[in-house]
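Contents: one structure, followed by commentary.
The values are calculated or read from the model by the stated rules, or taken from the named source; none is laboratory data. Worth saying up front: this structure is predicted, and the values here are computed from it rather than measured. Reconstructed Cβ throughout: ideal geometry from the backbone, glycine too, with neighbour counts over all protein chains shown. Each accessible area value is taken on the protein alone, full model and side chains, heavy atoms only, with ligands, DNA and RNA left out. Shrake-Rupley method; radii C 1.70, N 1.55, O 1.52, S 1.80 Å.
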Amino acid sequence: MATVPGSGSHGLKPVVVVSRSEASKAGVAWAAEEALLRHLPLRLVHALEWPPGAEPHPHAAHPQRTWSAHFRAGGEMVVREAANPIRERHPHLEVDAPTADGPRARALVQQGAEAALLVVGAKPPNVVEQLFVVSPLGITLTAHAGCPVAVVGPPQQASDDQQQLIVVGVDGSANSRVHDGERRSE
């Protein structure tokens, strides 16, 4: 991993969200609100998925040095552009916006070791995806992250006669238990 630092400046585990695509915008906004509610820092992470053969850390004489520097700068710009509106909207929220080298599933699983919560944005599935897939990244993270995971889709408008459902998965582990000190009323 590249520039991913440790926990927030106060030693609190952060709420971590992947910042990568249009689908992640809802996840980033939701994660910021959740971090505020929990009084935790927010970490926006962008995974730099290097193409095969690319050198993430070329030495000075390496011919790919210029390309690699531009690729890394592009990733840093992605998290900066995601973090700036959050910082403007929530000036008291501690926001960290690093990049991490490698596939986003691996980068986020590694982040889960020091996160209070991992958040992933999900696009609305098409008909085939509804039948066969439930957020592949969300599945990977819930199986391997080591902390609670939230898969957040874009906000949807419900008509007055539609019920809104909230689905919660609990496996009995320590991560799925709610402690009295962590409960909050809404």
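Between A97, A35, A83, A107, the distinction of being open to solvent by less than 90 Å² (accessible area, probe 1.4 Å) and at pLDDT below 90 belongs to A107 only. Only residues that are open to solvent by 50 Å² or more (accessible area, probe 1.4 Å) and modelled with pLDDT under 80 were counted across the range 38-61, and they come to 6. Tell me, please, whether a residue that is part of a helix (DSSP H, G or I), without any contact (Cβ under 8 Å) to a residue 40 or more places away in the chain and of a type in the set (D, E) can be found in the range 79-92. Yes, the range 79-92 has at least one match.
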